[in-house]
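Note sheet for the following structure.
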Amino acid sequence: MNSADQLVLELALRPAHGREEFILSDCNREAVAWIDRWPDWSPHTTGLNVHGPAACGKTHLAAVWRARSKASWIDTPIARSEDVPAVLGDAKDVVIDGLTGDWPGEPILHLHNLAVERGGVLLILSRVPVARMDTRPADLASRLAAMPAVGIGAPDDGLIIGVMSKLFRDRQLHVGRDVLEFLANRMQRSLEEAVRLVDRLDKKALAEKRGITLPLARSVLAPED
């Protein structure tokens, strides 16, 4: 998903940064529990790795935490270790969004150490667990491996239905449970697709001056000739 799609997804799912905007489901329950417990994490915990596929809600959940912690946000590699103080600014906590093994390791090690020195923690978002990355230097690899890691799975029916229901409500549209279940059972299983599908249904309903019903949902999901 490119940055423009991510922005659309985040704006659609997060009109506000409050915890109440995040939809709880089996696939994200453990990760949400960690965020809800903060700042009452173990004093030995220097960070948390939340991992999962694209468009599973990692960035949205991190935004909820950032609104509470006032953390710095990093979503591009830091080129030099000497840039770390400026990147962290006055914050003590930090979100690293999209970490991969290709990021330069020394600046991340310095960032980790500076955040911990200030009494803060790192919230690291990644596709795969950081402990499985080929990370250098060894000191960074050991610090990342020591962090607790929690996965967010691919969206389940409960989450997809909840997200679409919320998106329709944000547009002042009432859509029946039968329609939502029909869509969830047949659509591509991602929150990004949920956003796009809601937009398509809304536009088609407006153009045809009709409600969002099962026949309309079927027409939107029908393959094009």
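The values are calculated or read from the model by the stated rules, or taken from the named source; none is laboratory data. Since this is a predicted model, take the numbers as computed values, not measurements. Heads up, the Cβs are rebuilt from the backbone with ideal geometry, glycines too, and the neighbour counts pull from every protein chain shown.
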Picked from region 58-79 (must be farther than 19 Å from residue 194 by Cβ and hydroxyl-bearing (Ser, Thr, Tyr)), the residue surrounded by the fewest Cβ atoms within 10 Å (Cβ to Cβ) is 76
Failed criterion for residue 215 (all others in (1) closer than 15 Å to residue 160 by Cβ; (2) in a helix (DSSP H, G or I) hold):
(1)
Check residue 115 against each of (1) farther than 22 Å from residue 79 by Cα; (2) out of contact with any helix residue (DSSP H, G or I) (no Cβ under 6 Å at 6 or more places or on another chain) and name the one condition it does not meet.
(1)
Whether any residue in region 66-80 is modelled with pLDDT under 95, out of contact with any Asp or Glu (no Cβ under 9 Å at 6 or more places or on another chain) and outside the structural domain of residue 165 (by TED's automatic domain parsing) is what I want to check.
yes
Just checking, which of 158, 162, 153, 98 is small (Gly, Ala, Ser), modelled with pLDDT of 95 or more and surrounded by fewer than 20 Cβ atoms within 10 Å (Cβ to Cβ)?
98
With the checklist (1) under 15 Å from the mean Cα position of the chain (by Cα); (2) modelled with pLDDT of 85 or more; (3) surrounded by 14 or more Cβ atoms within 10 Å (Cβ to Cβ); (4) not β-branched (Val, Ile, Thr) in hand, flag the one item residue 55 doesn't pass.
(2)
For region 41-52, indicate whether the set of residues that are modelled with pLDDT under 85 and over 18 Å from residue 71 (Cβ atoms) is non-empty.
no
Residue by residue through region 18-73, note down the ones that are under 18 Å from residue 121 (Cα atoms) and aromatic (Phe, Trp, Tyr).
34, 38, 41, 65, 73
Of all residues making up region 132-150, the number that are surrounded by 15 or more Cβ atoms within 10 Å (Cβ to Cβ) and without any contact (Cβ under 8 Å) to a residue 60 or more places away in the chain:
5
